[in-house]
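Please read the structure below before turning to the comments.
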Amino acid sequence: MKRSSVGFLSVFLAFVVGSVVLFNSPAVFAAKPEKNVKAIKPVASFDVKKMADMSDFDPSNPITPSGDTIKIAVVAAFSGPSAYNGQIYYAMVQWVAHDINKRGGILVDGKKKLIEVIKADHQSKVDQCKKVTERMALQEKVHFFWGTDGSHFMKIINDTARKYKIIAINATCMSDDLQNATNFSPYAFHATFSTEMVARGMAYYYGQIRKKEKKFYILNQDYAFGRQFAEDFKKGLQEYHPQAQLVGEDFHKLFLTDYAPYLTKIQASGAEVIFTGDWLPDAGNLLKQARQMGIMLPFANVYVDEPNYLNETGVEGTKGLTNISAYYDSTPFFKTKEHIQMYTTWKQQQAKWKELPYSSIAFQHFTANAAAWVMTTYWAMSVLERAGSTDPDKIIKVWENDSFEYINGKVVKMRSCDHKAIMDLGVTEYVPPEQQKVSMNIEPFYWFKNASYTGPVYKVPAEKVLPWMDQNLDRCKGKNGWGE
């Protein structure tokens, strides 16, 4: 069914450098189904005042503790065609670890412990993923798995987590079937958005908010995620944009080098929008080749957002791209001085980095997808601290039905029956530099000079895109979309 997506950044933001374990008192949830996720009082949230001094953080030269530590295995590709994604994931988790470690660690099992982040390279190979997760469980004795670039790999991670009773944090993969009746594991938490949420959310934006384009062409990677993503978008169009017309649908193999046959068909189809779930490197290469062929149609996307590709493509080539994110909230982007402080901290620190990929423009602002990955990691560490133990059963008890507020004010909730995150989504249209001040509301009032980027952000309410729930899962039988 629904597979994963990996993706990468969409520089929109900068919030990170937040702090973890900064939570408020437990909230009292409404007895009836909530109408909006924002109505939920967060159980935990950031306290910017507790943020550590990050002036010595460099993702190329991480400070890694050893000994009696809290171990997080970042299971991802650190070699092969998807290695860039692993580099990004590792840096984001290291950021959280560095912050918490400089604050003295987390009190668990009666002792303050530092966080150790370990690279677990699955090389984009199924057999290797099985081997490396087994090694992480048996030899490294990790407390958390964190993944990954590919739902087929996330499934292996979850299976290993179930076998050895280790908490698995799904921070990036979208596939809904990871938490269905067949695959559900009490140790796995789908802490990001999921396939049906994203596809229906984009359909909601075009049908209920934008109300302009009606002709869509689907072009996705040819594997389970790409095909399910296409079906969910069609479902969303029927639900929220019934006037829309699907003028074509194609699927291409992963890591393709020539998209011309598909783009030629799109060019002749009369499409007004190309809908794609492609992730890197396909997402960037597809955009560049389309523009080289003179096809200037907007891409409705999740991962056509990597700043290096955007800047190489230029202002005109990136104008009108429509991106949906688990991090976007609303514009203007910065609403508090604390948020500005966080952003400034990241930006000043990034200017010191000398090694690629971290010294590149891709990391200049800190991105929307990356920000969501960092916030997810902080959320997990906040749960760990409140549990006061590395005992997975105690962690599960705290995380189920938990809610957490991101630094930008966005609130996410963990549905208890199937461990899926509920959240508002945000859609933005990329605009030229002179129009970016609608989102970048601090100097220099634009994100990039050489690329269109985040303009106005439109909120898709959580109740319109509640994550799919498998009613065949005993834990969820009879419950509504909010898990009640």
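A few notes on this one:
- Unique residue being surrounded by fewer than 23 Cβ atoms within 10 Å (Cβ to Cβ) and within 19 Å of the chain's Cα centre (by Cα) when the list is 325, 360, 330: 330
- Residue in the stretch 21-42 that is part of a helix (DSSP H, G or I), touching a Gly at 6+ places or on another chain (Cβ under 8 Å) and at pLDDT below 80 present: no
- Checking each residue of the stretch 249-272 against the condition of being aromatic (Phe, Trp, Tyr), within 30 Å of residue 401 (Cα to Cα), out of contact with any Asp or Glu (no Cβ under 8 Å at 6 or more places or on another chain) and not assigned by TED's automatic domain parsing to the domain that holds residue 419 gives no match.
- Test: residue in the stretch 402-411 that is over 23 Å from residue 72 (Cβ atoms), in contact with a helix residue (DSSP H, G or I) (Cβ under 6 Å, 6 or more places away or on another chain) and either without any contact (Cβ under 8 Å) to a residue 24 or more places away in the chain or surrounded by fewer than 24 Cβ atoms within 10 Å (Cβ to Cβ) (or both): yes
- Test for residue 99: is it modelled with pLDDT of 95 or more and under 23 Å from residue 133 (Cβ atoms): no
- Taking the criterion of being in contact (Cβ under 8 Å) with a residue 60 or more places away in the chain, over 21 Å from the mean Cα position of the chain (by Cα) and under 14 Å from residue 77 (Cβ atoms), the only residue of the stretch 111-166 that qualifies is 133.
- Positions within the stretch 471-484 being modelled with pLDDT of 95 or more and crowded, with 20+ Cβ neighbours inside 10 Å, in sequence order: 476
- Only one of the numbered conditions (1) outside the structural domain of residue 278 (by TED's automatic domain parsing); (2) farther than 29 Å from residue 329 by Cα; (3) part of a helix (DSSP H, G or I) is not met by residue 178, and that is (2).
- If only residues of the stretch 156-184 that are in contact with a strand residue (DSSP E or B) (Cβ under 7 Å, 6 or more places away or on another chain) and small (Gly, Ala, Ser) are counted, the one that is farthest from residue 230 (Cα to Cα) is 161.
- Of all residues in the stretch 264-287, those satisfying the criterion of being crowded, with 16+ Cβ neighbours inside 10 Å and either within 17 Å of residue 452 (Cβ to Cβ) or hydrophobic (A, V, I, L, M, F, W, C) (or both) are 266, 271, 273, 274, 275, 279, 280, 283, 284, 286, 287.
- Failed condition for residue 274, given (1) closer than 20 Å to residue 214 by Cα; (2) out of contact with any helix residue (DSSP H, G or I) (no Cβ under 7 Å at 6 or more places or on another chain); (3) aliphatic (A, V, I, L, M): (2)
- Single unsatisfied condition, residue 393 versus (1) buried (at least 22 other Cβ atoms within 10 Å of the Cβ); (2) at pLDDT 95 or above: (1)
- Of all positions in the stretch 376-383, none carries a residue that is among the hydroxyl-bearing types (Ser, Thr, Tyr), buried (at least 20 other Cβ atoms within 10 Å of the Cβ) and touching a Pro at 6+ places or on another chain (Cβ under 9 Å).
- Residue 251 assigned to a loop (DSSP other than H, G, I, E, B) and either in contact with a Phe, Trp or Tyr (Cβ under 6 Å, 6 or more places away or on another chain) or among the hydrophobic types (A, V, I, L, M, F, W, C) (or both): no
- You will find that of 255, 251, 225, the residue that is on the phi > 0 side of the Ramachandran plot and in contact with a helix residue (DSSP H, G or I) (Cβ under 9 Å, 6 or more places away or on another chain) is 255 and no other.
- In summary, residue 437 fulfils each of the numbered conditions (1) in a loop (DSSP other than H, G, I, E, B); (2) of a type in the set (D, E, K, R); (3) free of Cβ contacts under 8 Å to residues at least 12 places away in the same chain with the single exception of condition (1).
- Selection count, the stretch 435-445, where residues are of a type outside the set (S, T, N, Q) and either closer than 25 Å to residue 206 by Cα or surrounded by 19 or more Cβ atoms within 10 Å (Cβ to Cβ) (or both): 3
- Here is the figure for the stretch 220-263: residues that are surrounded by fewer than 21 Cβ atoms within 10 Å (Cβ to Cβ) and of a type in the set (Phe, Trp, Tyr) total 4.
- Test: residue in the stretch 422-434 that is assigned to a helix (DSSP H, G or I), surrounded by fewer than 23 Cβ atoms within 10 Å (Cβ to Cβ) and out of contact with any Cys (no Cβ under 9 Å at 6 or more places or on another chain): yes
- Test result for residue 460, buried (at least 23 other Cβ atoms within 10 Å of the Cβ), among the aliphatic types (A, V, I, L, M) and farther than 23 Å from residue 47 by Cα: yes
The values are calculated or read from the model by the stated rules, or taken from the named source; none is laboratory data. Predicted, not measured: the structure shown is a model, and the values here were computed from it. Glycine gets a Cβ as well: all are built from the backbone with ideal geometry, and neighbour counts include every protein chain shown.
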